[in-house]
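Shown next, in structure tokens, is the structure this report addresses.
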Amino acid sequence: MATCAVIVVAAGRGTRAGGPLPKQYHEVGGETVLRRTLRLFAEHSDIHTIQVVIHPDDHARFASAAAGLEKVRPPVAGGRERQDSVRAGLEALAGEAPDLVLVHDAARPFVTHALISRAVEAAAAHGAAVPVTGVTDTIKVVDALGTVASTPVRATLRAVQTPQAFRYDMLRAAHDAAQAGGIAGLTDDAAVMEWLTDVRTGTGFDVHAFGPGDHVMLGGLAIPFDKGLDGHSDADVGLHALTDAVLGALCDGDIGAHFPPSDPQWKGATSDRFLVFALDKVRARGGIVAHLDLTLICEAPKIGPHRDAIRARISEITGVALGRISVKATTTERLGFTGRREGIAAMASATIRLPEEDLL
Ligand code: MG
């Protein structure tokens, strides 16, 4: 069982709620907002330690809010920006070095135990997790003069809340790197992690020769044709090239190393499993696939009429959004083995985003 701490950020002076007190010290239902927040985490069995970051003027208010609650460590003073305050909390936990850390805003006292559990579980599995809600307003991006620059598609937008959950070592390294790099003003911890993302590109290439048959598998789709493709598996050159591109981006060998043609268990295998295997490796390292681009090279069959169906099939296999998948086709002007209609070649590139290597 992973050890888990929570940093409760309570250093803000926010007085939007009215009155002379910062909002985390207002009373809700007979207790302060901060006490209610701390109590919810103290009562949760996944949480082992609570580190509160307060304003230096608030020691007495904090003492009263935290009185008698278990798991709450002595508070540390926050900095000028939220980012500085979280960093102070992470440093205070260095001796304990928990496996996971949650970061929560003190002024969100209605977090549920179920949400805390899901954040912990998702961070344990994926390295990081943030709770989000759909956006009901239409959002505009404006320039410095207030002129509308664009209107993002609302279905692609999410409003981010807390608690945000991370592997402690990764978040601490990300905050330290942001500090060293002079990156300031990031308003949530996921943004600190995103800033440190390592973008990588891999390429893949594959060829299979025509043989007897009545269809070819291309990008996971069966395309009727007067020949088939020879190969140990289903000979899907498109998925093989994509698999190698993803493995290349990971610096993790190639399809032949993971699925040797000498191994009888891959005989006749459908190639979607090879690509899913590579995608699972990206996700296991806390990464995402940003883009896949496949080029199929042959004189026949004609790819154009099947292009969108192949894209949709690759999206279905990988779980990568359709708008991040490209399929193109070309001939070689009747030159070379593809020009002589002896087989089909495929080349692919994959762009992935991983947590920075030195964090792992
Ligand atoms: Mg192959």
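The values are calculated or read from the model by the stated rules, or taken from the named source; none is laboratory data. These numbers were taken from a predicted model, which means no experiment stands behind them. Reconstructed Cβ throughout: ideal geometry from the backbone, glycine too, with neighbour counts over all protein chains shown. Side chains are part of the model used for accessible areas, which takes the heavy atoms of the whole protein and leaves out ligands, DNA and RNA. Shrake-Rupley method; radii C 1.70, N 1.55, O 1.52, S 1.80 Å.
Remind me, relative contact order of the chain in percent, using alpha carbon pairs under 8 angstrom and six or more residues apart?
14 percent.
Report Rg (one decimal) and Dmax (nearest whole number) for region 130-176, counting Cα atoms only, units Å.
Values for region 130-176 (Cα only, Rg and Dmax): 15.4, 41 Å.
Hey, got a sec? Which trypsin sites (Lys or Arg not before Pro) in region 222-314 land in a DSSP loop and have at most 14 other Cβ atoms within 10 Å?
Filter output for region 222-314: LYS267, LYS302.
Direction-averaged shadow area of the convex hull around the Cα atoms of region 284-360, nm²?
Mean orientational projected area (region 284-360, Cα hull): 6.5 nm².
Whole number please: convex hull volume per residue, Cα atoms of region 198-355, in Å³.
101 Å³
Highest GNM mean-square fluctuation, the chain, Cα pairs closer than 10 Å: which of THR138, THR203, THR147?
Judging by the Gaussian network model, the answer is THR147.
Starting from the Cα of THR270, step 7 Å along the direction of its Cβ; do the same at LEU322; then give the gap between the two resulting points in nm.
Modelled inter-label distance: 2.0 nm.
What accessible area per residue comes out for region 8-72, rounded to a whole number of Å², with a 1.4 Å probe?
Roughly 47 Å² per residue, with all protein chains present.
Test of understanding: given the chain, find the longest segment containing no GluC sites (Glu not before Pro) that are in a DSSP loop and have at most 12 other Cβ atoms within 10 Å.
Answer from the scan: 71-332.
Compute the orientation-averaged projected area for region 1-147 from the convex hull of its Cα atoms and round it to one decimal in nm².
Over every viewing direction, the Cα hull of region 1-147 projects on average to 11.3 nm².
Using a Förster distance of 45 Å, how high is the FRET efficiency between ASP176 and ASP226, based on the Cβ-Cβ distance and rounded to 0.05?
It comes out at approximately 0.15.
When only alpha-carbon atoms count, how far does region 119-256 stretch along each of its three principal axes, as whole angstroms with the largest first?
62, 38, 30
222 nm [θ] for the chain, helices only, -39500 (n - 2.57) per DSSP H run of 4+, per residue, to 500?
Calculated at 222 nm, the ellipticity per residue is -9000 deg cm²/dmol.
Could you give the length gained on full extension between THR203 and ARG334, defined as 0.36 nm per residue of separation minus the Cα-Cα distance, in nm?
Additional length available on full extension: 44.7 nm.
Express in nm, to one decimal, how much length is gained between ALA309 and ARG285 on full extension, taking 0.36 nm for each residue of separation and deducting their alpha carbon distance.
Taking ALA309 through ARG285 to full extension adds about 5.7 nm, to one decimal.
How far apart, in nm, are the 7 Å Cα→Cβ label points at LEU115 and HIS59?
Here the modelled spin labels are 3.3 nm apart.
Could you tell me which of the pairs LYS23/LYS140; LYS227/LYS328; LYS23/LYS281; LYS281/LYS328 are separated by over 32 angstrom between their Cα atoms in the structure shown?
Pairs exceeding 32 Å: LYS23/LYS281.
What does the accessible area per residue of region 157-277 come to in Å², with a 1.4 Å probe and no ligands, DNA or RNA counted?
On a per-residue basis, 43 Å².
Once you put a point 7 Å from the Cα of ALA144 and another 7 Å from the Cα of ARG80, both along the Cβ direction, what distance in nm separates them?
2.1 nm
Rounded to the nearest 0.05, what FRET efficiency do ARG13 and THR151 have when you use their Cβ-Cβ distance and R0 = 35 Å?
0.55
Using a 1.4 Å probe on the protein chains only, how many percent of the accessible area of region 198-355 belongs to carbon and sulfur?
That fraction is 54 percent.
Share of Cα-Cα pairs in region 1-74 beyond 21 Å, in percent?
Across region 1-74, Cα pairs with separations above 21 Å total 24 percent.
Scale the Cα Rg of the chain by the rule-of-thumb value 2.2 N^0.38 Å and send over the ratio, two decimals.
1.28
Compute log10 of I(q)/I(0) for region 36-78 with the Debye formula, placing one identical point scatterer on every Cα and leaving out solvent, at q = 0.16 Å⁻¹, to two decimals.
-0.38
Where the centre of each part is set by its Cα atoms, how far does region 50-100 sit from region 221-288, in angstrom?
One Cα centre to the other: 49 Å.
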